[in-house]
Each structure stands twice: as C-alpha cells, then as structure tokens.
Number of protein chains: 2
Amino acid sequence: MKSLEKVAIVGVGLIGGSIGLALRERGLAKEIAGFGRRASTLERAKQLGAITSAVATLTEAVAGADFVVVCTPVETIVPQILEIAAVPNARPLITDAGSTKSSIVAQLEQNLSGHARFVGSHPLAGSERGGIEHARVDLFQGRVVVVTPTSRTDSEDVAAITDFWIALGARVISMPPDAHDRTVATTSHAPHVVASALAAATDPTALPLTAGGWRDSTRIAGGDPELWQQILLDNRTNVLQSLSRFETSLSRFRSALEAGDSAALRELLQEGKTTRDALGS
Amino acid sequence: MKSLEKVAIVGVGLIGGSIGLALRERGLAKEIAGFGRRASTLERAKQLGAITSAVATLTEAVAGADFVVVCTPVETIVPQILEIAAVPNARPLITDAGSTKSSIVAQLEQNLSGHARFVGSHPLAGSERGGIEHARVDLFQGRVVVVTPTSRTDSEDVAAITDFWIALGARVISMPPDAHDRTVATTSHAPHVVASALAAATDPTALPLTAGGWRDSTRIAGGDPELWQQILLDNRTNVLQSLSRFETSLSRFRSALEAGDSAALRELLQEGKTTRDALGS
C-alpha cells in the first residue's frame with residue numbers, strides 16, 4: 001500500500017489506537033486524526049503516538065481523509081458512519097472494526113447514499129483489556145481480519161481495505177456478512193457467554209484453588225459488559241444457535257457422568273481434544 | 001527441609017518429572033529412584049536429570065526411601081500405595097499427586113495397616129501437555145499444593161509433607177479431602193467439561209475464525225482423555241453439582257438473549273466480570 005495523506009480514526013481505544021501506532025511505525029500515513037468522546041483519551045492517544053492530531057468533531061476528522069476507520073462500540077457504528085458520509089466534499093473510504101457485521105452492513109446499504117464508499121471489517125484482535133493504554137503496535141501482526149463485502153460493494157474498495165489491513169500485518173479473509181456472523185457466534189460470541197457463565201457460577205471463596213485451567217477458561221469474562229451486551233444482542237439469533245449446540249454437547253457429558261459411563265466419557269473428551277488439537281497451541 | 005537420602009517417584013510424567021528436577025536442582029535428595037510402566041520414559045527421565053536411577057520394580061524403588069511420591073493416574077494410586085506399604089522393612093512417608101482426594105484417602109485409611117504413613121496431596125500444577133518432555137524445574141514455583149490430612153493423619157507427617165512441597169517452591173493449603181473435592185469440582189473439573197464441550201461443539205471449518213478467546217477458553221480440552229475420565233468419574237457427584245450451577249448461570253444468559261433484555265445481559269456479564277476480576281490476570 002502506498003502511503004496515505006490522511007487517515008481518520010473514530011474511537012481511539014485498543015483497536016483504534018493500535019491501528020494508529022502501526023500506521024505510524026510503518027510510515028503508512030502522513031496525518032492521523034483521532035476523534036472520540038473523551039478529550040482525555042484523545043490526548044493520551046496523541047502522547048502515545050497513536051494519532052498525530054486530536055480533533056473535536058467528526059467533520060474535522062473526516063475532512064481531507066483518504067481512509068476512515070470507525071472503532072466504536074457496535075451500536076454506535078452505523079449512526080457515526082451515516083454522519084461521516086454526510087460531511088460535504090468528503091469521499092473517504094470507510095471501514096469499521098465491529099464484532100458483528102450483518103446488521104451494520106445491511107443498515108448502511110439501506111441508508112448510505114450511492115456515493116459513499118464502505119466495506120465492513122472485523123479484526124479478530126480484541127482483548128478483555130480494552131482502552132488506549134493497551135494499544136500495541138503489533139496487535140494485528142499475524143492476526144485475522146475478516147472483510148465482508150456484498151454484491152453491492154465496489155471491488156476496488158475491497159482491494160484497498162484488504163491492502164490496508166495487510167499493510168498493518170494482518171491476514172485477510174473475505175466472506176459475506178451473514179457467514180461472518182454465524183461463524184464468530186461459534187468462535188467468539190457463544191464462548192464469551194460460556195466463559196462469563198462459568199466465572200459467575202464460581203463461588204469467590206473457591207478462587208484460591210484455581211489454577212491455569214480456570215484462569216484461561218474464564219479470561220474473556222473480564223471484558224467490558226457494555227461492549228459485549230451490544231455484540232451479543234446484535235448477533236443473538238446466531239449466538240442462541242451456537243449455545244444450543246454447546247448445550248447439546250454439555251448434556252452428553254452430563255448423561256455420561258450420571259451413568260458413570262467411562263467409555264462414553266472418554267469418547268466425549270476425545271472429541272473435544274480432537275477439535276482443540278486441530279487448532280494447535 | 002533437610003536433604004533426604006532417597007526419594008522414590010512412581011510415575012515420572014509432567015508432575016513426577018518436575019518433582020525430580022526441582023529436588024535435584026535444590027540439592028534436596030541424594031538419590032531419586034524413578035519407577036513407571038515404560039522403560040523408555042524412565043530412561044528419558046534419567047537423561048533429563050529428573051531421576052538418578054530408573055528401577056524395574058516398586059520394591060526396588062521403595063527400598064531405603066524416606067519419601068515416596070505417587071504421580072500416576074487417579075485409578076492407579078490406591079493399588080500402588082497398598083503395594084508400596086506392603087514392601088517389607090520399608091516405612092517411607094507416602095504422598096500422591098492425584099486430582100481427587102476423598103475416595104483415595106478413604107480407601108487408604110480403610111486398607112492401609114496402622115504402620116503406613118500417608119498424607120494426600122494435590123499440586124494444582126497440571127497442564128494439557130503431560131509427559132516427561134514437559135517437566136519443568138520451576139513447575140511448582142508459586143503454585144498451590146493442597147494437602148488433605150484427616151483426623152487419623154499423624155501431624156508430624158503432615159508437617160513433613162508440607163515442608164516437602166514448600167521446599168519445591170509451592171504454597172501449601174491444608175483442607176479435608178471432601179472440601180478439596182467439592183472445591184476443585186468448581187475450579188477445575190467442571191471447567192474441564194465445559195471447555196471440552198465447547199471445543200466439541202465447534203465445527204472445525206470455523207477454526208480459521210478463532211482468536212485468543214476460543215484458544216484460551218478451550219485450552220484444557222487438549223488434556224489426556226483417559227486421565228480426565230478417571231478424575232471426572234471419581235469426583236462425579238461434585239462435578240455434577242458444579243455443572244448444575246453453571247447450567248443455571250447459562251440459562252439466565254439464554255433467557256436474557258431470548259428476551260433481548262440488554263439490562264439483564266449487562267448485569268449477567270458484570271457478574272462474571274466481577275468474579276473473574278477478583279482473581280486478577
């Protein structure tokens with residue numbers, strides 16, 4: 001990707017801040033304008049070198065920008081992109097970093113004017129530790145970013161967004177928004193519910209007897225409840241279907257335990273191990 | 001703890017091998033005899049410096065030993081300790097490293113002669129990567145070891161076992177066997193079932209879209225199915241009770257999702273976060 005004149009980052013937390021840090025380190029943008037709710041966060045992002053300027057309005061952020069990346073919570077993405085697209089004389093290529101894609105892409109296709117240029121993205125690089133303080137220059141290195149074009153998306157825009165993420169070190173997978181949402185319901189959203197339910201079901205007095213297993217199994221339960229309720233509700237049909245598959249799997253364990261059936265139990269454990277081992281460590 | 005003349009390690013895998021490495025590095029035992037099913041494993045343990053001699057019989061391992069640590073699968077521990085206790089002219093202090101304690105301690109109290117000296121132990125230092133190749137000299141450093149004396153256990157023996165684990169770098173918590181089994185059902189055994197069910201419920205074609213969340217949530221599902229079916233069945237009453245609490249917690253998530261109730265969802269996520277945050281990172 002050739003160097004960009006100006007990139008605007010809307011929402012400068014873990015993801016937005018890491019994009020800025022990576023753009024600067026790689027010399028990929030001359031100007032990086034940061035916009036967000038809190039002036040203190042923007043000031044901190046500037047101190048850390050994630051943005052070159054902290055701006056007070058979306059209009060100012062977008063003016064003259066080649067690229068705009070919207071890294072705000074799922075519920076906020078659509079209204080902000082509609083506002084960005086309405087800025088006069090601005091025609092940036094817009095993407096987002098939301099963990100759900102179907103409703104965001106559908107709402108934008110319905111409401112954006114024909115001139116606006118948008119491609120949905122989801123960098124699989126979140127963490128239970130959000131915020132600008134945890135931003136890292138290498139957050140996207142070797143990580144997957146899903147881009148979700150539709151039949152209405154301009155193929156040059158898809159290529160440009162793909163190049164953008166690859167320039168930050170990521171691997172890009174392209175798939176339709178609905179396939180994305182079905183898949184991440186299984187690989188991310190339902191596991192979040194399971195981890196959170198597991199943590200909530202643990203009596204705090206038992207914590208001294210936890211070790212690496214409980215620690216890792218529940219790590220993501222430390223994520224931001226507000227961000228996650230938005231993700232889970234936005235993708236709830238798929239999440240409920242993924243949870244049903246999990247509940248079926250769990251009920252087979254329960255039956256084997258109740259029956260004291262060692263062979264069945266060994267087989268169920270082997271099934272889980274086979275899938276887990278397919279991923280690697 | 002003053003240096004021991006001879007320690008016997010029965011079962012030289014991750015736990016047994018790490019005990020040997022730590023004893024040697026700290027100069028805590030002159031001789032470390034290793035006994036196990038496979039000659040090749042014992043030979044490897046000797047090469048790695050985890051034992052000083054590989055012996056072919058339990059009798060040979062135990063002869064002249066001050067301490068015997070039995071680090072074999074849960075089902076094997078009781079018959080092996082009964083065999084060790086029956087070796088003529090041997091009066092070692094015996095402990096084990098099993099992940100369950102009630103049935104092991106009860107069976108031994110019922111069947112060991114009055115002269116035998118046994119205190120149950122459970123080092124919370126297991127891993128999905130077992131075997132001598134993963135043994136580490138610092139495996140117990142800062143980790144918790146639970147010792148489970150009963151009213152019939154000699155207090156000097158408890159003190160000696162406690163000193164033994166502390167000398168290896170561990171922190172020791174003492175509690176009755178039944179309290180141990182109830183607690184680790186919640187902190188280790190039920191989470192293992194949940195992680196395994198979560199992995200098994202994941203379509204392998206979705207794996208390219210996994211990130212740190214799924215990876216960590218399912219890590220322990222990579223553990224040995226044979227070892228884990230023994231642990232889960234031995235502690236199944238407690239595991240089923242822990243799973244019931246988890247299922248209740250999960251069903252509250254399901255209800256909130258079905259109702260599209262963002263406030264309830266946020267509250268449930270906050271409950272999980274509060275417990276998880278109480279542990280730290």
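The values are calculated or read from the model by the stated rules, or taken from the named source; none is laboratory data. Predicted, not measured: the structure shown is a model, and the values here were computed from it. Cβ: placed from backbone, ideal geometry, glycine included. Neighbour counts: every protein chain shown. Just so you know, the surface numbers come from the protein's heavy atoms only, side chains and all, with ligands and any DNA or RNA stripped out. Shrake-Rupley method; radii C 1.70, N 1.55, O 1.52, S 1.80 Å.
Table: residues versus (1) open to solvent by less than 10 Å² (accessible area, probe 1.4 Å); (2) under 21 Å from the mean Cα position of the chain (by Cα).
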residue	(1), (2)
B:Met1	no, no
B:Lys30	no, no
B:Ala45	yes, yes
B:Leu48	no, no
B:Val55	no, no
B:Thr76	no, yes
B:Val87	no, no
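Taking (1) out of contact with any Ser or Thr (no Cβ under 9 Å at 6 or more places or on another chain); (2) assigned to a loop (DSSP other than H, G, I, E, B); (3) open to solvent by 20 Å² or more (accessible area, probe 1.4 Å) in turn, B:Asp138 satisfies each apart from (1).
If I ask for residues that are touching a helix residue (DSSP H, G or I) at 6+ places or on another chain (Cβ under 6 Å) and in a helix (DSSP H, G or I), which ones from the stretch A:11-33 would you list? Those that are touching a helix residue (DSSP H, G or I) at 6+ places or on another chain (Cβ under 6 Å) and in a helix (DSSP H, G or I): A:Leu14, A:Gly17. Residue count for the stretch B:224-239 satisfying the condition of being facing chain A (nearest Cβ under 7 Å) and open to solvent by less than 30 Å² (accessible area, probe 1.4 Å): 4. Note on the stretch B:120-135: residues that are more than 12 Å from the chain's Cα centre (by Cα) and crowded, with 23+ Cβ neighbours inside 10 Å total 2.
Checked against the criterion of being of a type in the set (Ser, Thr, Tyr) and modelled with pLDDT of 95 or more, the candidates A:Ser99, A:Ser113 yield just one match: A:Ser99. For the stretch A:161-197, the set of residues classified as over 21 Å from B:Ser217 (Cβ atoms) and either in a helix (DSSP H, G or I) or acidic (Asp, Glu) (or both) consists of A:Ile161, A:Thr162, A:Asp163, A:Phe164, A:Trp165, A:Ile166, A:Ala167, A:Pro177, A:Asp178, A:Ala179, listed by residue number. Inside the stretch A:32-41, residues that are aliphatic (A, V, I, L, M) and either open to solvent by 10 Å² or more (accessible area, probe 1.4 Å) or within 22 Å of A:Ala159 (Cα to Cα) (or both) make up a count of 2. Being open to solvent by 40 Å² or more (accessible area, probe 1.4 Å), closer than 26 Å to B:Asp203 by Cα and either among the hydroxyl-bearing types (Ser, Thr, Tyr) or more than 7 Å from every other protein chain (Cβ to nearest Cβ) (or both) is a property that A:Ala159 lacks.
Within the set B:Ser262, B:Ser188, the sole residue that is within 7 Å of chain A (Cβ to nearest Cβ), in contact with a helix residue (DSSP H, G or I) (Cβ under 8 Å, 6 or more places away or on another chain) and either crowded, with 22+ Cβ neighbours inside 10 Å or among the aromatic types (Phe, Trp, Tyr) (or both) turns out to be B:Ser188. On the basis of being under 22 Å from B:Cys71 (Cα atoms), within 7 Å of another protein chain (Cβ to nearest Cβ) and open to solvent by less than 40 Å² (accessible area, probe 1.4 Å), does B:Thr210 make the cut? No. Of the residues B:Arg219, B:Arg245, B:Arg182, the single one that is within 17 Å of A:Asp203 (Cβ to Cβ), at pLDDT 95 or above, touching a helix residue (DSSP H, G or I) at 6+ places or on another chain (Cβ under 7 Å) and not hydrophobic (A, V, I, L, M, F, W, C) is B:Arg182. Across the stretch B:191-203, the number of residues qualifying as open to solvent by 10 Å² or more (accessible area, probe 1.4 Å) and over 16 Å from A:Ser188 (Cβ atoms) comes to 1. Here A:Ile166 meets the list (1) of a type in the set (Val, Ile, Thr); (2) open to solvent by 30 Å² or more (accessible area, probe 1.4 Å); (3) modelled with pLDDT under 95 almost entirely, failing just condition (3).
The single condition from (1) at the interface with chain B (Cβ under 7 Å from one of its Cβ atoms); (2) touching a His at 6+ places or on another chain (Cβ under 7 Å) that A:His180 fails is (1). Of all residues in the stretch A:224-236, those that are closer than 16 Å to A:Gly11 by Cβ have Cβ atoms under 7 Å from Cβ atoms of residues that are buried (at least 20 other Cβ atoms within 10 Å of the Cβ) and among the small types (Gly, Ala, Ser), 6 or more apart or on another chain, in A:Ile231/A:Ser99.
Picking from residues in the stretch A:240-259 that are of a type in the set (A, V, I, L, M, F, W, C) and more than 7 Å from chain B (Cβ to nearest Cβ), the one that is farthest from A:Asp181 (Cα to Cα) is A:Ala259.
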